[in-house]
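The structure under discussion appears below in the form of structure tokens.
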Amino acid sequence: MLSTESSFIGVDLSAGRKSISYAALDRNLSLVALADCKMNDLVTFLAGQSAATVAVNAPSNVNRGIVHANKKNIKLAQVQFRRADMRLAEYELRERRIHVTKTPANLQLCPSWVRAGFELYLKLEKMKDAKYPETDSACQIMETNPQASFSILAGQVPLARNSLEGRLQRHLLLHEHGVRIKDPMDFFEEVTHYKIIKGIWPMELLYSPDQLDALVAAYTAWYAVSKVGSAVMVGDAKEGKIVLPDKELQEKY
């Protein structure tokens with residue numbers, strides 16, 4: 001049973017250290033917090049949680065060469081292997097047509113937002129947060145991926161995250177899966193003939209792409225804990241497993 005004080009927090013670092021989005025849900029999927037902040041502010045917020053599961057939208061480790069080491073067991077053409085600088089989790093998702101960022105083997109070659117993610121994982125580990133699944137720990141951390149999570153919720157690869165259609169789609173998917181956020185259909189009530197001609201769109205009624213990614217991460221954290229044993233994990237523990245909100249993955253999305 002979930003503690004009444006448990007919080008489920010999703011963190012998106014795609015914008016880097018300067019602007020990190022995080023969302024917090026309670027056990028009833030009600031929105032407790034949604035904000036954009038800097039790394040120090042995020043760590044302060046997380047440190048104040050007595051019981052929390054934190055899902056981070058960033059790789060938890062570099063590529064350890066597992067894909068290359070297992071090329072005999074993985075159906076991948078030799079020319080592709082020469083370009084396959086990615087973790088096993090990323091390979092498994094890409095095989096299902098879910099395009100996710102490849103993580104290099106060299107830390108210095110990782111983009112700044114990935115390195116910010118490594119920094120956050122280290123800070124959480126110092127706060128004695130246990131890696132999921134650790135049932136005896138009040139605080140757990142896990143890696144997830146927003147593109148994969150939204151693909152699972154939609155049953156197909158979603159529309160572009162920065163487009164109006166993509167934002168509406170993601171917003172609606174979260175709402176339909178029980179996350180207690182504002183109804184995205186309110187957006188259409190504010191769209192009139194006059195506003196369309198003037199180019200006035202009620203974008204304030206929709207969450208930003210980064211906030212939507214943080215929200216789906218928070219939902220994934222809730223799903224993994226509330227539906228014990230139901231969350232699927234892809235990848236290898238040596239490189240970091242990605243936790244996703246479903247029992248199993250489709251062959252293709």
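The values are calculated or read from the model by the stated rules, or taken from the named source; none is laboratory data. This one's a predicted model, so the numbers in the text were calculated from it and none came from an experiment. Virtual Cβ from ideal backbone geometry, glycine too; neighbours counted across all protein chains shown.
Remarks
Matching residues to (1) at pLDDT 95 or above; (2) closer than 23 Å to Ala33 by Cα; (3) among the small types (Gly, Ala, Ser):
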position	(1), (2), (3)
Val114	yes, no, no
Glu134	no, no, no
Leu153	yes, yes, no
Pro158	yes, no, no
Arg170	yes, yes, no
Glu176	yes, yes, no
Asp186	no, yes, no
Glu204	no, yes, no
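- Some residue of region 120-131 being outside any helix (DSSP H, G or I), within 20 Å of Met233 (Cα to Cα) and within 17 Å of the chain's Cα centre (by Cα): yes
- Among the residues of region 177-206, those that are among the hydrophobic types (A, V, I, L, M, F, W, C) and within 13 Å of Glu165 (Cα to Cα) comprise Met185, Phe187, Phe188, Trp201, Met203, Leu206.
- Only helices (runs of 4 or more DSSP H) whose full extent lies in region 171-253 are considered here, and the ones with at least 2 residues that are touching a strand residue (DSSP E or B) at 6+ places or on another chain (Cβ under 8 Å) are 209-226.
- Residue within region 246-253 that is among the acidic types (Asp, Glu) and in contact (Cβ under 8 Å) with a residue 40 or more places away in the chain present: yes
- Test: residue in region 233-247 that is touching a Phe, Trp or Tyr at 6+ places or on another chain (Cβ under 8 Å), modelled with pLDDT under 95 and either more than 30 Å from Phe118 (Cβ to Cβ) or not hydroxyl-bearing (Ser, Thr, Tyr) (or both): no
- Selection from region 159-168 of residues that are closer than 21 Å to Tyr22 by Cα and either part of a loop (DSSP other than H, G, I, E, B) or in contact with a Cys (Cβ under 6 Å, 6 or more places away or on another chain) (or both): Ala160, Arg161, Asn162, Ser163
- Candidates in region 202-233 are the residues that are under 17 Å from Ser14 (Cα atoms) and among the acidic types (Asp, Glu); of these, the one that is nearest to the chain's Cα centre (by Cα) is Asp213.
- Exactly one residue out of Asp236, Asp136, Asp183 is in contact with a Leu (Cβ under 7 Å, 6 or more places away or on another chain) and either without any contact (Cβ under 8 Å) to a residue 40 or more places away in the chain or surrounded by fewer than 22 Cβ atoms within 10 Å (Cβ to Cβ) (or both), and it is Asp236.
- The residues of region 136-145 that are outside any loop (DSSP other than H, G, I, E, B) and either at pLDDT below 90 or among the polar types (S, T, N, Q) (or both) amount to a single one, Gln140.
- Restricting attention to region 29-74, the residues being crowded, with 17+ Cβ neighbours inside 10 Å, in a loop (DSSP other than H, G, I, E, B) and of a type in the set (S, T, N, Q) number 4.
- Top-ranked residue of region 1-14 - restricted to ones that are buried (at least 17 other Cβ atoms within 10 Å of the Cβ) and not acidic (Asp, Glu), ranked as farthest from His171 (Cα to Cα): Ser6
- When residues of region 85-106 are limited to those that are within 14 Å of the chain's Cα centre (by Cα) and not in a loop (DSSP other than H, G, I, E, B), the one surrounded by the most Cβ atoms within 10 Å (Cβ to Cβ): Ala89
- Restricting attention to region 108-155, the residues that are in contact with a strand residue (DSSP E or B) (Cβ under 8 Å, 6 or more places away or on another chain) and among the aromatic types (Phe, Trp, Tyr) total 2.
- The single condition from (1) part of a helix (DSSP H, G or I); (2) touching a helix residue (DSSP H, G or I) at 6+ places or on another chain (Cβ under 6 Å); (3) under 18 Å from Leu31 (Cβ atoms) that Ala148 fails is (3).
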